[in-house]
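In what follows, a single structure is set out as structure tokens and then discussed.
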Amino acid sequence: MRSPSSSRLALALLALPACAFDPGDPWGVLDLSAEAAFAPAAGRLDAQGRLLTSSSYAVALDTLTLEVRAVTVTVAPPTGRLSFDPATPPPGYSLCHSGHCHADDGRLVPYPEIEAELAGAASGAFTLTRPVEATVDLLAADAVPLPLPPCPAPDCDLPRGVASAVRVDLGTLTLTGRAFDASAAGRLPAEGAPLALTVPLDASLAAPLDAPLGADHPVGLALALRLSLTERLLDGLDLSAPLTPADVADRATDHSTLTPSTTRFDL
């Protein structure tokens, strides 16, 4: 019943109900894609395509790269509602009544233990991490696909529960270019001033999800992510003075966004 799940970019779960009751088959299979973007609004660019800051500087960017380390999806434990119908016991069980089922080996097994077995974990949240370990050139296109590795079964199998959150871990941001004074204050020479920053972010961006995994839902879950680096990257900074990585690090994460979208499909 399993089929390999390929990982694709643009930072996008669905299940075949019968599969969830077959021994060894997952409740969900993740199909992940992600993209990163730096796409300032038109009003943030001057006629020469330079980034305008809130302090009236114009920045001609030559390099803007971002290291993306990993993507992690969290599946919260299932809620109290049973994922199986006691009138139709899952494989390995028969005669479910009074909060337990008769196992084929003679045991009387409570419903919660059967749920834990079907979910593949006794309790607690489940996390699935896909490595990226790539540095993307954000000036190369409006959106750059993240090079996620292939994800054959069972590497992207998901247990029963609710896919509740996604996180992208970031590494180093690199920025080079020239800054110009876009006002009449003469704060910079006419030819501008060079900018060169290597910013170790060592941070994460996260977003909530609400994608149930269980008998009532298709097995396949396609999760597409869009990581958008903020156009406010240099806002409020005096670009006539030397910058430090700390000047940019908080802006790079505080105003950037991670936008997920999910679709469901049968395998």
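Assorted remarks:
- Pick from segment 211-251, criterion within 30 Å of Leu267 (Cβ to Cβ) and charged (D, E, K, R), ranking: most open to solvent (accessible area, probe 1.4 Å): Asp216
- Of the residues making up segment 207-266, those that are under 25 Å from Ser33 (Cα atoms), acidic (Asp, Glu) and not in a strand (DSSP E or B) are Asp216, Glu231, Asp254, Asp266.
- When Asp169 is tested against the conditions (1) open to solvent by 40 Å² or more (accessible area, probe 1.4 Å); (2) farther than 25 Å from Asp46 by Cα; (3) under 21 Å from the mean Cα position of the chain (by Cα); (4) of a type in the set (Asp, Glu), the lone failure is (1).
- Some residue of segment 58-75 being in a loop (DSSP other than H, G, I, E, B) and either of a type in the set (Phe, Trp, Tyr) or out of contact with any Asp or Glu (no Cβ under 7 Å at 6 or more places or on another chain) (or both): no
- Residue within segment 111-132 that is of a type in the set (A, V, I, L, M, F, W, C), open to solvent by 40 Å² or more (accessible area, probe 1.4 Å) and in a strand (DSSP E or B) present: yes
- Residue check for Asp137: out of contact with any helix residue (DSSP H, G or I) (no Cβ under 6 Å at 6 or more places or on another chain), among the charged types (D, E, K, R), farther than 21 Å from Asp202 by Cα and surrounded by fewer than 15 Cβ atoms within 10 Å (Cβ to Cβ): no
- Long-range neighbours under 6 Å by Cβ, at least six apart or interchain, first residue more than 19 Å from Gly177 (Cβ to Cβ) and hydroxyl-bearing (Ser, Thr, Tyr) within segment 221-246, second open to solvent by less than 20 Å² (accessible area, probe 1.4 Å) and outside any loop (DSSP other than H, G, I, E, B): Ser228/Ala37
- Scanning segment 37-55 for residues that are under 27 Å from the mean Cα position of the chain (by Cα) and part of a helix (DSSP H, G or I) returns Ala42, Arg44.
- Selected residue (criterion: farthest from Leu221 (Cα to Cα)) from residues of segment 152-208 that are of a type in the set (Ser, Thr, Tyr) and modelled with pLDDT of 95 or more: Ser183
The values are calculated or read from the model by the stated rules, or taken from the named source; none is laboratory data. Quick caveat: nothing in here was measured; it's all calculated off a predicted structure. Note that each Cβ is placed from the backbone with ideal geometry, even for glycine, and that neighbours are counted across all protein chains shown. Protein only, heavy atoms only, side chains kept; ligands, DNA and RNA dropped before computing areas. Shrake-Rupley method; radii C 1.70, N 1.55, O 1.52, S 1.80 Å.
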